[in-house]
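Below is one structure, written out as structure tokens; the observations come after it.
Any read-out appearing in this document is the output of simple, stated calculations on the displayed coordinates, not a laboratory observation. Source: prediction; values computed, not measured. Note that each Cβ is placed from the backbone with ideal geometry, even for glycine, and that neighbours are counted across all protein chains shown.
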Amino acid sequence: MQKKSKAEVAVIMGSDSDWETMRAAVRTLDEFGVACTVRVMSAHRTPAQAAEFSGSAAKSGLKVIIAAAGSAAHLAGVLAAHTTLPVIGVPMKGGALDGLDALLSTVQMPSGIPVATVALGSAGAVNAAILAVQMLALSRPELARALQKHKRQLAAKVAAGNQRVQDSLRSRS
């Protein structure tokens, strides 16, 4: 798939320690040919920067924001408060509650400020990227086709796994 040169998705992290996990989101977007911009900014340590970035995101051509944060995890909500673009929150594992605090902070947004929330950790990073691609695919048929191919590949992996298990069971007898 041909990669678009202008970023349509922003991957924002509350800390550079989130990069190890969020690399999977960037890789997934790359696999679908979706250009992204990646930044570190904090809802608490750089709130003006986060608000300014989010407030100007649509004008810069962005269509979806993915926000990853741990602990209090207010980043996705702060970004969502300053834009009409869809925001997808990825809660990070770690801290005293091993990510439960981040999950609850990300998912429990007040009425009117939605944040789509995915799983903790790398599964969430991948799912956030796929969800962003699904949103973009509403107006991009080539992405819709790529998503259909992706689903077929997932089904083929499951079928291959089932075959391995069945072969193993037969060899037991």
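Numerical summary
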{"item": "The chain: angle of helix 19-31 to the longest principal axis, Cα-based, in degrees nearest 10", "result": "70 degrees"}
{"item": "Cα-based shape type of the range 115-173, given that a ≥ b ≥ c are square roots of the gyration tensor eigenvalues and the cut on a/c is 1.5", "result": "oblate"}
{"item": "Unit charges on C-beta of K, R, D, E only; dipole of the range 74-163, Debye", "result": "520 debye"}
{"item": "Rg/Rg_globular for the chain, with Rg_globular taken as 2.2 N^0.38 Å and Rg from C-alpha atoms", "result": "1.15"}
{"item": "Solvent-free Debye scattering, log10 I(q)/I(0), computed from the Cα coordinates of the range 70-154 at q = 0.13 Å⁻¹", "result": "-0.47"}
{"item": "Crossing angle, helix 141-172 versus the chain [Cα axis fit, 0-90 degrees, rounded to tens]", "result": "40 degrees"}
{"item": "Extended-chain gain in nm, criterion 0.36 nm per residue less alpha-carbon gap, residue 149 and residue 166", "result": "3.6 nm"}
{"item": "Amide H within-cut-off set for residue 43, under 5 Å, with H built and near neighbours excluded", "result": "75"}
{"item": "Virtual paramagnetic centre 7 Å along Cα→Cβ of residue 139, amide N under 19 Å, in the range 29-59", "result": "33-37, 54-59"}
{"item": "In nm, spacing of pseudo-spin labels at residue 97 and residue 52 (7 Å Cα→C-beta vector)", "result": "3.2 nm"}
{"item": "Pairs of lysine residues in the chain - Cα separation under 30 Å, sequence separation of 8 or more or cross-chain", "result": "20"}
{"item": "Rounded tilt (10° steps) of 121-137 against the dominant C-alpha axis of the chain", "result": "80 degrees"}
